[in-house]
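Below is one structure, written out as structure tokens; the observations come after it.
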Amino acid sequence: MSVGLPVLAACLAVALTACGGAPEIDSVGLDADERAACQALVDALPDSLDDLERGEVEPDDALGAAWGDPAIVLTCGAEEPEEFDEFSACDEVLGVGWFSPPDQLKVEQQDEDATLWAMSHSPLVQLEVPADYRPDGVAAALAQLAEVVTAELDEVRACH
């Protein structure tokens, strides 16, 4: 039994649509000062991140950015992760304390997507890194973003 050309074309169209598209960024309820700080951060973000070009995000005025395909996505004004508490450890990278759930840092998890939060600064920044860029892409992205985060956002807690 052979598959007709229209069926193949429809399957290809569905596959291509599912792969593309600008990442959607949703910032939590921010006050005017937090919104202004996030906008300053977004405006100062680099055009490329670890040799990945900056792309479009949805909505156009989102408080975030994306680089590459699959996209590394930064959101300013993110919610605090459920796994974070007063005893959670974070890693300091050039003045920014980043938290990632401990299970994401295990060697056997390097082939999975990672999500990190800049817990040391406010408003809260979240960075989603697809597995395609692990492990080296995480360190490169954190190092490159540190200068912008420290310049544009207030440090509110120390990393421990």
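The values are calculated or read from the model by the stated rules, or taken from the named source; none is laboratory data. Being a predicted model, the structure only gives us computed values, none of them experimental. Cβ atoms come from the backbone with ideal geometry, glycine included; neighbour counts cover every protein chain shown.
Condition (residue is closer than 21 Å to ALA22 by Cα and surrounded by 20 or more Cβ atoms within 10 Å (Cβ to Cβ)) applied to segment 141-151: is it met by at least one residue? Looking for residues that are closer than 21 Å to ALA22 by Cα and surrounded by 20 or more Cβ atoms within 10 Å (Cβ to Cβ), one finds at least one in segment 141-151, hence yes.
Just one of the listed residues (ALA71, ALA18) is within 21 Å of GLN144 (Cα to Cα), of a type outside the set (D, E, K, R) and either modelled with pLDDT under 85 or out of contact with any Asp or Glu (no Cβ under 7 Å at 6 or more places or on another chain) (or both), and it is ALA71. The listed residues are PRO101, PRO46, PRO81, and the only one of them that is closer than 19 Å to GLY137 by Cα and in contact (Cβ under 8 Å) with a residue 24 or more places away in the chain turns out to be PRO46.
None of ALA10, ALA65, ALA36 is modelled with pLDDT of 95 or more and over 26 Å from ARG134 (Cα atoms) except ALA36. In segment 118-148, of all residues being touching a helix residue (DSSP H, G or I) at 6+ places or on another chain (Cβ under 7 Å) and touching a residue at least 60 places away in the same chain (Cβ under 8 Å), the one that is nearest to GLU82 (Cα to Cα) corresponds to VAL125.
Please give the number of the condition ALA89 fails out of (1) crowded, with 22+ Cβ neighbours inside 10 Å; (2) in contact with a Phe, Trp or Tyr (Cβ under 9 Å, 6 or more places away or on another chain). (1) is the only condition that ALA89 fails.
Which condition number in (1) surrounded by fewer than 13 Cβ atoms within 10 Å (Cβ to Cβ); (2) within 17 Å of ALA114 (Cα to Cα); (3) modelled with pLDDT of 95 or more is the one that GLU82 fails? Against the list (1) surrounded by fewer than 13 Cβ atoms within 10 Å (Cβ to Cβ); (2) within 17 Å of ALA114 (Cα to Cα); (3) modelled with pLDDT of 95 or more, GLU82 comes up short only on (3).
Can you pull out every residue in segment 89-106 that is in contact with a Pro (Cβ under 9 Å, 6 or more places away or on another chain) and either among the hydrophobic types (A, V, I, L, M, F, W, C) or assigned to a helix (DSSP H, G or I) (or both)? If the condition is that a residue be in contact with a Pro (Cβ under 9 Å, 6 or more places away or on another chain) and either among the hydrophobic types (A, V, I, L, M, F, W, C) or assigned to a helix (DSSP H, G or I) (or both), then ALA89, PHE99 are the ones that fit.
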